[in-house]
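The next block holds one structure in the form of structure tokens; read it before the comments.
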Amino acid sequence: MSQQTVVPAVHRLAQARAQENFPVALRVLPRRHRRHLVAIYGYARHVDDVGDEPLAPGVDRLAELNRVEAELRALYAGRTVSHPVVRALASTVADCDLPLDALVRLVEANRVDQRVTRYETFAQLVDYCTLSANPVGELVLHVFGQVGQARRELSDRICTALQLVEHLQDVAEDHRRGRIYLPAEDLERFGVGEDELSRPAASRALRELVAFEAERARAWLDAGAPLVSALHGWARLAVGGYLAGGRATLDALAEVDHDPLRWTVRPRRGRMLRRLASATVRSAG
């Protein structure tokens, strides 16, 4: 893929900012933190776009994902890299000591997306989140220099929850792409057929299923919430923002009666701010 076909990370951030559930780089954060978070976000968005979005004619998804990983490994080996998104990440890798494994797992998640379109069990879906979501939280902890096993485990819970929430928001979009992230065991349990995911509005059974999965996601968020109080300084505010975004989005989903087919589910700004204040004040107490 040529440099012209890759949208610079900062522009991708601006395009997607209105669609995000949580503040990727809160404006109040110091510039150095914002710069690193934007670089990580730009990398993650690019890898996701390679896995999901239309590409330039002749570009093969797996080949481009392989190229990204090869360029990452070259960067860590001290060799020259040409991929613009990887180059944009270079100073963040050096300044924040980012682990190569976390970056590679995001690539692998999108390889998985090319061959896996259904998940039989919730446990399988959670395993997928260890590739698609949890590495981002680990990278964020590195940005703030507050990494540790206990913190990483709490971060994994929050990130898995945020991924589950995103899947609930995007039920219709994912189905159009041929993917279903609602576990098959739960579809069967609630009597929901795959054809129901393409309707203009959710059936009662599908709404009950989405409500069930939403409560699961909320439980995972709550299980990870102690991370906020385990952090200090700007990290507490940033991670509190992610937690608040997930909770506010679940609130928004409940407000539309758990129907992500009929409605575009996005958290209200005021609710996000209240959730953020709640998360940070409680952690400070």
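The values are calculated or read from the model by the stated rules, or taken from the named source; none is laboratory data. Keep in mind that what you see is a predicted model, and the values were worked out from it rather than measured. Because the Cβ atoms are built from the backbone with ideal geometry, glycine has one as well, and the counts that use them run over all protein chains shown. We work out accessible area using only protein heavy atoms, side chains counted, and drop any ligands, DNA or RNA first. Shrake-Rupley method; radii C 1.70, N 1.55, O 1.52, S 1.80 Å.
Order these peptides, 160-168, 32-40, by their mean beta-carbon neighbour count within 10 angstrom, highest first.
Working: 160-168: 24.3, 32-40: 21.1.
With the highest mean Cβ count within 10 Å placed first, the list reads 160-168, 32-40.
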Virtual spin-label span in nm between Ala150 and Asp222, 7 Å along Cα→Cβ: 2.2 nm
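Shape verdict for the stretch 117-284, please, from the Cα gyration tensor: rounded (a/c under 1.5), prolate (a/b greater than b/c) or oblate.
Working: a/c = 2.49, a/b = 1.65, b/c = 1.51.
Here the stretch 117-284 falls in the prolate category.
Using a 10 Å cut-off on Cβ atoms, rank the peptides 246-256, 147-157 from the highest mean neighbour count down.
Details: 246-256: 21.6, 147-157: 16.8.
My ranking of the peptides, most packed first, is 246-256, 147-157.
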What percent does the relative contact order of the stretch 117-284 come to when contacts are Cα pairs within less than 8 Å and at least six residues apart? 26 percent
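Solvent-accessible area per residue for the stretch 148-223 at a 1.4 Å probe radius, Å²? Mind dumping the intermediate values first?
Details: 3450 Å² over 76 residues.
Accessible area per residue, the stretch 148-223: 45 Å².
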Quick one: grab the alpha carbon gyration tensor of the stretch 95-141, order the square roots of its eigenvalues as a ≥ b ≥ c, and give me rounded if a/c is under 1.5, else prolate or oblate depending on whether a/b is larger than b/c. oblate
Label model pair Ser229, Ala70: point-to-point distance (7 angstrom along the Cα→beta-carbon line) in nm is 5.0 nm
Among Val140, His232, Pro267, the residue whose Cα sits farthest towards the positive end of the charge dipole of the stretch 117-284, when +1 is placed on the Cβ of each Lys and Arg and -1 on the Cβ of each Asp and Glu, is His232
Residues Val256 and Thr121, FRET efficiency given R0 of 30 Å [Cβ-Cβ distance, rounded to 0.05]: 0.65
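Treating only the Cβ of Lys, Arg, Asp and Glu as charged (+1, +1, -1, -1), what charge dipole size does the stretch 117-284 show about its Cα centre? Round to the nearest 20 debye.
Working: 23 positive and 23 negative charges, 185 e Å.
So the magnitude is around 880 debye.
Work out, step by step, the length gained on full extension between Arg204 and Asp170: first 0.36 nm times the residue separation, then minus their alpha carbon distance; give nm to one decimal. Each step should come with its number before you reach the end.
Values: separation 34, 0.36 × 34 = 12.24 nm, distance 1.78 nm.
Net length gain for the segment: 10.5 nm.
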